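Working notes, beginning with the structure itself.
Taken together, the values in this text are just the output of simple stated rules run on the coordinates, not laboratory data. Here the structure is a predicted model, which means the values were calculated and not measured. Note that we place each Cβ from the backbone using ideal geometry, even for glycine, and neighbour counts take in every protein chain shown.
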Amino acid sequence: MSAVVRSTVWLGFFSLILVAWWVMYTMVMQMDLDLLGRPGAMAERMRQMDPGMDMYMPMARFLPLFVMWGAMMAAMMVPTMVPTLRAYEDLMTSANGTRAGWLAVLAGYFSVWLVFAAAIAALQLLLLHGGVIDMLGIAKSRWTAAALLLAVGLFQFTRAKEICHGVCHSPMMYFIGNWRPGAAGGFRMGLGLGIFCAGCCWGFMVLGFAGGVMNLAWMGLATLFMVIEKLPQIGHYVTKPMGFTLILGAVVVAGWPVLTGG
């Protein structure tokens, strides 16, 4: 029976990921965008509208934005939980863990990302009404996009990134040092892991404003990188190279004179 339960919960876990990606794809299609978040004819007209005059538009209201970001968090961040949940399973026998605790770890982790979804939805509204981004969440200035790329690239080299990534990269050590039994304990540990994960990966969410928050290609690449970054065998080897890549991207987007001949 334990094998059946294990298979069922893992099937539900991966089904959640697929549903989240389906929701994002559906939203992109309904907004007349392609997989790169580029607008079709109808969406292009929407981009030209004054956000102050079109408050009825979904992308100018908090609740639709929160739903969108919540689905995005599920699509992008839940896959990164696989090493963590496997680590918890390894401790279920030796450390008196339970399947309820396993589910609670996932619930606590995702709760943090739902709070993050609410915060970044509010940020998107502020940027929209401040004229920094358009209705589709795309930066209006290449300088804004370059600044975001530079900020996230530099963050890859900070002590804060190192600490947060260390926890995300080695969830087994976190569990050993912070073990709490039962569902309540699992939820508490999930919250802690979620906070460290948000501290590690927030920049890749914010980068959505550089190329469009509905860009499924960006979402897929960012998800792939964050999964790789958390793999115990190779995670430490990709963090700083990604930082250099993002900084180079900032230089290219800004159109640095040495590169452009200007």
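A few notes on this one:
- Under 24 Å from K230, Cα to Cα: lysines that are on another chain or at least 8 residues apart: K161, K240
- In the chain, helical runs assigned H by DSSP with n ≥ 4 each contribute -39500 (n - 2.57); averaged across all residues and rounded to the nearest 500, the mean residue ellipticity at 222 nm is -23500 deg cm²/dmol.
- Relative packing of 150-161, 205-216, which averages over residues the other C-beta atoms within 10 Å, highest first: 205-216, 150-161
- For region 172-192, the residues whose backbone nitrogen is under 15 Å from a point 7 Å from the Cα of S94, taken along Cα to Cβ, are 172-179.
- Dipole magnitude (debye, nearest 20) for region 2-260, charges at Cβ of Lys, Arg, Asp, Glu: 420
- Sorting 229-240, 180-191 by average packing, meaning the other beta carbons within 10 Å per residue, from highest down gives 180-191, 229-240.
- Proximal charge balance of A104 [Cβ under 10 Å; K/R count +1, D/E count -1]: +3
- Near I133, the amide H atoms lying under 5 Å from its own belong to L128, K140; only residues 5 or more places off or on other chains count, and H is placed 1.01 Å from N.
- Averaging the Cα positions of each part gives two centres, and for region 163-211 and region 93-118 these lie 10 Å apart.
- Contour minus Cα-Cα distance for L63 and I176 (0.36 nm per residue): 36.8 nm
- Label-point separation in nm, S7 to T158, each point 7 Å along Cα→Cβ: 4.6
- Toward the positive end of the charge dipole of region 2-260, with +1 on the Cβ of Lys and Arg and -1 on the Cβ of Asp and Glu, the farthest Cα among V67, L35, A184 is that of A184.
- Relative to the longest principal axis of the Cα atoms of the chain, the long axis of helix 216-229 lies at roughly 40 degrees.
- Angle between the chain longest axis and helix 159-169 axis [Cα atoms, degrees, rounded to 10]: 50
- Paramagnetic reach from K240 (point 7 Å along Cα→Cβ, amide N under 16 Å) across region 153-194: 153-163, 165-166
- Listed values for region 249-254 are Karplus-derived 3J(HN,Hα) couplings in whole Hz (6.51 cos²θ - 1.76 cosθ + 1.60, θ = phi - 60°), namely x, 5, 5, 5, 5, 6, and x replaces Gly and Pro.
- Computed from Cα atoms, the angle from the helix 99-129 axis to the main principal axis of the chain rounds to 10 degrees.
- Relative protection proxy for 118-127, 163-172, from highest mean packing down: 163-172, 118-127 (other beta-carbon atoms within 10 angstrom).
- Within region 117-227, the ratio Rg/Rh, alpha carbon atoms throughout and Rh by Kirkwood, equals 1.05.
- A simple count of charges around G186, restricted to other residues whose Cβ falls under 11 Å of its Cβ and scoring Lys, Arg +1 and Asp, Glu -1, yields +3.
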